[in-house]
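Beneath this line is the structure, given in structure tokens, with notes to follow.
Each value in this text was obtained by applying a stated rule to the coordinates, not by laboratory testing. Predicted model only: the values in this text are computed from it and were never measured. For neighbour counting, all protein chains shown are included, and Cβ atoms are generated from backbone atoms with ideal geometry for every residue, glycine included.
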Amino acid sequence: SAPGTETAFALPAVASPATYCSRKFDVYKGDLDGEHDIKFAKGTTTLAFKFKGGVLVAVDSRSTQGAYIASGTVKKIIEISPYLLGTMAGGAADCAYWERNLGVHCRLYELRNKERISVAAASKVLCNMLLRYKGYGLSVGTMITGWDKTGPQLYYVDNDGTRLQASDDMPYFSVGSGSTYAYGVLDVGYAWDLTDEEAVELGQKAIYHATHRDAASGGVNNVYLGKD
């Protein structure tokens, strides 16, 4: 990293901070030792897919804290750069912070190399940053997408350091508590040669059906269509 771009956080003053955080702030079960009640209780539906016209991203806008609906107008598509989009699933603060931090790295790359970063490289940068804090309680499930010299690209990245590329056999991802319902719609309706209008309609339909079945998803449907 260049001077001034390093990212680090104060860690618990214990022998193994990673072990301590993984037990006290487990993403799915909270405190495994039962000393506090802090636990992520979240839900959302986000999706993205590649097709011949570009990349489509569709999300809901509901933010929940357990059974409480904290907001119905959350912007879950983050504009990392003019050419890159990221989605938000998991902890809102974690997703927003790390994807905005990714935006800084992408801009620095562009200034140094006189060309914009590829989607593959941007997703790898995010993956490496999250992998550094694996087991520390982060909650991030994001899709990084955009259009570069190789055409439309889509990657899935999460807090465990998992990084998956959308392929011809699996050109779409859906992340969140309502993703299984969205996948059902995408499995039936997706085709590579969709028109722009058909792609937008498919994304809206998938989010609509997911919000109907999943109580943690809802609000309004935001759609981005990325083209060259």
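Structure summary
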read-out	value
Length-normalised contact order for the chain - Cα pairs under 8 Å, 6+ apart - percent	27
Radius 12 Å from Cβ of LEU102, net charge of other residues (Lys, Arg +1; Asp, Glu -1)	+1
Residues THR150 and VAL220, FRET efficiency given R0 of 41 Å [Cβ-Cβ distance, rounded to 0.05]	0.80
Projected label distance in nm at LYS134 and VAL188, using a 7 Å step from Cα toward the beta-carbon	3.8
Signed unit charges on C-beta, dipole axis of the chain, positive-most listed residue LEU225, LEU138, ALA58	LEU138
Long-range lysine pairs (8 or more apart or interchain), the chain, Cα under 20 Å	26
Positive minus negative residues near SER179 (Lys, Arg vs Asp, Glu; Cβ under 15 Å)	+1
Among PHE173, PHE49, PHE25: highest mean-square fluctuation, GNM of the chain, C-alpha pairs under 10 Å	PHE25
Helix-only [θ]222 nm of the chain, DSSP H runs n ≥ 4, -39500 (n - 2.57) each, per residue, nearest 500	-10500 deg cm²/dmol
Length-normalised contact order for segment 131-221 - Cα pairs under 8 Å, 6+ apart - percent	20
Among (i) 55, 46, 30; (ii) 52, 39, 31; (iii) 74, 38, 34, the entry that matches Cα extents along the principal axes in Å as calculated here	(i)
Net charge over other residues, Cβ less than 14 angstrom from the Cβ of HIS212 (K, R count +1; D, E count -1)	+1
Assigned charges on the beta-carbon of Lys, Arg, Asp, Glu; the chain dipole about Cα centre (debye)	500
Cβ-based charge dipole, the chain, positive-most Cα from GLY178, LEU202, THR44	THR44
Difference of contour (0.36 nm per residue) and Cα-Cα distance, ALA10 to ASP33	6.1 nm
